[in-house]
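Undergrad: Sharing a structure here in structure tokens format.
The values are calculated or read from the model by the stated rules, or taken from the named source; none is laboratory data. It should be emphasised that the depicted structure is a prediction, and the values quoted were computed from it without experimental measurement. Heads up, the Cβs are rebuilt from the backbone with ideal geometry, glycines too, and the neighbour counts pull from every protein chain shown.
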There are 2 protein chains.
Amino acid sequence: MKETFPELRQEPCTKRWVIISPRRARRPHEFQKEEEKSSLPEWEASCPFCPGNEDQTPPEVFSRWGENGWLIRVVPNKFPALSSDFNEVEIRGTDPFVSVPGVGVHEVVIESPKHNLTWGNMGKEQMEQIIDCFLSRYRLLREDKRLKYICIFRNHGEKAGTSLIHPHSQIIATPIVPEQLRNEIEEARRYYDDRLRCAFCDVSKREAEFKERVVLESQHFIAFTPFASRMPFEIWILPKRHNASFDLMYDEEAKDLADVIEKVFGALLKGLDDPHYNVVFHSAPLRDSCEDYYHWHIEILPRITIQAGFELGTGIYINTTPPEEAAAKLRQFL
Amino acid sequence: MKETFPELRQEPCTKRWVIISPRRARRPHEFQKEEEKSSLPEWEASCPFCPGNEDQTPPEVFSRWGENGWLIRVVPNKFPALSSDFNEVEIRGTDPFVSVPGVGVHEVVIESPKHNLTWGNMGKEQMEQIIDCFLSRYRLLREDKRLKYICIFRNHGEKAGTSLIHPHSQIIATPIVPEQLRNEIEEARRYYDDRLRCAFCDVSKREAEFKERVVLESQHFIAFTPFASRMPFEIWILPKRHNASFDLMYDEEAKDLADVIEKVFGALLKGLDDPHYNVVFHSAPLRDSCEDYYHWHIEILPRITIQAGFELGTGIYINTTPPEEAAAKLRQFL
């Protein structure tokens, strides 16, 4: 049999190349075992996000309450990357150096009163609260005309850049459209102009036919390990209905999404022993219509391996786990 | 005084936005102290790159010798990301999924016989050997018509993705032009088309005038912390003479570069207590001429902070150290 690896693969939507090189996984330091995780308490006195410590965060901007207290809270980030104090977004600087004041919003979604839960073991109902909260914030923030893009993301574990264990996500809204999004949308437009079809719709249909990279399919969503996965166990969750913007989701879809997330992250939790990861929601810019050719989705990026100089300098990731293997493994833990 | 931070800055050559947000550095986990570095031995019996263990690497493809043995060796990577075994670069796969065999070259430059040296304390002469070696390999590899791009890079420290302590760099040659380079070159072309001047030439001239971000200026090179630095203490080294391709450097420039590298990395070593970092050489693709508007250079990316979900999902880095502060600090350690 002809050996097929290493192989260079191109992601059809973004045109990003990756190297799938499973033999490299034999390197001595790859996939080091994490130290044994100690069992965490449900409540931690020193945690600023635990109930009773609400005065340690800035005043909340959103909350939902149950019989025994709050279920979910949103607070401004105490150390914000961007600030809503600035009034104007005006270009400054001396050519060729251009800057604008760091206008924007940086919020923390405290996802549960319980210190020791995470996506995959919170239960479907709590996950529904979280999606509902993301939608509320997104719909409110988009009204601020200074903001051009909203990024919802989640850092889980130290290697993914988190500083706090208590389950939380973040929302950053920026006064510019990120270059990476511009590129992604530009490529999607080219694909559409050639075929009058959405690249993401095409990809998810082909993935559903091929099946080997599908982790899970529900009524409204498909979760798969992309053909050109940048990292071992990278997963994308795509809505089946073509829709460019996250906040245009239907209620029925939001409920289904909560269920899909709970299952997919449950598989990561069990199958990979709670890996560190980043989650990023990709959605259309707020004031650039791209409704026919862009498709909102969620990208899950496990931080099992380290991006080194080659990745940083070229944008080409070297991935030691073929996505077909990753999906097969995850399916065992659904 | 009006507070200027946080600020969004755009890198003039690449049009990449970053957020400079110094107040965020107060977060508890930023800039954690590294554990005390133990003093390493000059020779380590178990190191595959130390003299006497030459049989633990694949046979060398390049070496230079001094009176007491080899000074520098290049060997194929034992766990290559790409392989030169494939004969043809032919597209395969079913639409929309495209792949090509992983044709390419992956070499390791063992930079010194001494186990415990690194850039910044090897001395200028050894650094000259290294630059000379990079040039030799680059000039040889570019003859292989299957190869379209050559990336020289160096990973220093665990957080930068290295698996071995012994001083070494790597060379990966790919059968495609990396998307990140394509974007960089495309932006440089737009800049040129508007002004008939190279963006990188303009930036380095302005940096030399402003001085506040300059780390070091020599006869042929300028080292500065870029206006829109993505990471704390990011440094670029640019040749003053406009030149798109690394291998078209003159001998005199190569000698000067060795000296500049030794000084700049010496400042990093002393000023930041040997931080983990990646170094990447950016140079023109081998078979796409862009000689008027591209400009080869070296990017140094210290891995002091962690890229989290926002960075991975948007491409916008949040940098807690203004480059003006970084340059001022580094200048103290020259």
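Undergrad: Among all residue pairs at least 6 apart or on different chains, which show Cβ distances below 7 Å where the first residue, located in the stretch A:197-224, is over 22 Å from A:A258 (Cα atoms) and in contact (Cβ under 8 Å) with a residue 60 or more places away in the chain and the second is polar (S, T, N, Q) and assigned to a strand (DSSP E or B)?
TA: As it stands, the answer is none, since no pair meets every condition given.
Undergrad: Across the stretch A:209-226, what is the total count of residues that are within 17 Å of A:Q10 (Cα to Cα) and charged (D, E, K, R)?
TA: So the answer is 1.
Undergrad: Starting from residues that are more than 22 Å from B:E11 (Cα to Cα) and of a type in the set (S, T, Y), keep the ones in the stretch B:161-208 and report whichever is farthest from the other protein chains (Cβ to nearest Cβ).
TA: B:S169
Undergrad: Among the residues of the stretch A:165-191, write down those that are charged (D, E, K, R), without any contact (Cβ under 8 Å) to a residue 60 or more places away in the chain and crowded, with 19+ Cβ neighbours inside 10 Å.
TA: A:E179
Undergrad: Considering each of A:G313, A:G309 in turn, give the residue that is without any contact (Cβ under 8 Å) to a residue 40 or more places away in the chain, in contact with a Cys (Cβ under 9 Å, 6 or more places away or on another chain), of a type outside the set (V, I, T) and surrounded by fewer than 24 Cβ atoms within 10 Å (Cβ to Cβ).
TA: A:G313
Rundown of residues vs (1) away from every other protein chain (no Cβ under 12 Å); (2) among the aliphatic types (A, V, I, L, M); (3) more than 22 Å from A:W296 (Cα to Cα), yes/no style:
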site: A:G104; (1), (2), (3): no, no, no
site: A:H115; (1), (2), (3): yes, no, yes
site: A:Y138; (1), (2), (3): yes, no, no
site: A:N155; (1), (2), (3): no, no, no
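Undergrad: Given the conditions (1) more than 10 Å from chain A (Cβ to nearest Cβ); (2) among the aliphatic types (A, V, I, L, M); (3) surrounded by fewer than 22 Cβ atoms within 10 Å (Cβ to Cβ), which single one is not true for B:L268?
TA: Every listed condition holds for B:L268 apart from (3).
Undergrad: Here is a further query. Of all residues in the stretch B:115-158, count the ones that are among the basic types (K, R), at pLDDT 95 or above and either surrounded by 16 or more Cβ atoms within 10 Å (Cβ to Cβ) or more than 15 Å from B:F265 (Cα to Cα) (or both).
TA: 5
Undergrad: Of the conditions (1) of a type in the set (D, E, K, R); (2) closer than 21 Å to B:I172 by Cβ; (3) over 14 Å from the mean Cα position of the chain (by Cα), B:D292 clears all except one; give me its number.
TA: Unmet for B:D292, out of (1) of a type in the set (D, E, K, R); (2) closer than 21 Å to B:I172 by Cβ; (3) over 14 Å from the mean Cα position of the chain (by Cα): (2).
Undergrad: Then there is this: For a quick check of your reading of the model, give me the residue pairs whose first member lies in the stretch A:125-146 and is in a loop (DSSP other than H, G, I, E, B), whose second is modelled with pLDDT under 95 and of a type in the set (A, V, I, L, M, F, W, C), with beta-carbon atoms closer than 9 Å and at least 6 apart or on different chains.
TA: Within 9 Å, the pairs are A:R146/A:F86; A:R146/A:V89; A:R146/A:V103.
Undergrad: Using the structure shown, decide if B:I72 is within 14 Å of another protein chain (Cβ to nearest Cβ) and either in contact with a Gly (Cβ under 8 Å, 6 or more places away or on another chain) or aliphatic (A, V, I, L, M) (or both).
TA: no
Undergrad: Then there is this: Taking the condition at the interface with chain B (Cβ under 9 Å from one of its Cβ atoms) and either surrounded by fewer than 19 Cβ atoms within 10 Å (Cβ to Cβ) or part of a strand (DSSP E or B) (or both), does A:T94 pass?
TA: Answer is yes for this residue.
Undergrad: Further question: Is there any pair linking a residue in the stretch A:274-298 that is farther than 27 Å from A:D194 by Cβ to one that is acidic (D, E) and assigned to a loop (DSSP other than H, G, I, E, B), with Cβ under 7 Å and at least six apart or on different chains, and which?
TA: No pair meets every condition.
Quick grid of which residues meet (1) facing chain A (nearest Cβ under 10 Å); (2) under 27 Å from A:G102 (Cβ atoms):
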{"site": "B:P275", "(1), (2)": "no, yes"}
{"site": "B:S289", "(1), (2)": "no, no"}
{"site": "B:T305", "(1), (2)": "yes, yes"}
{"site": "B:A308", "(1), (2)": "yes, yes"}
{"site": "B:T321", "(1), (2)": "no, yes"}
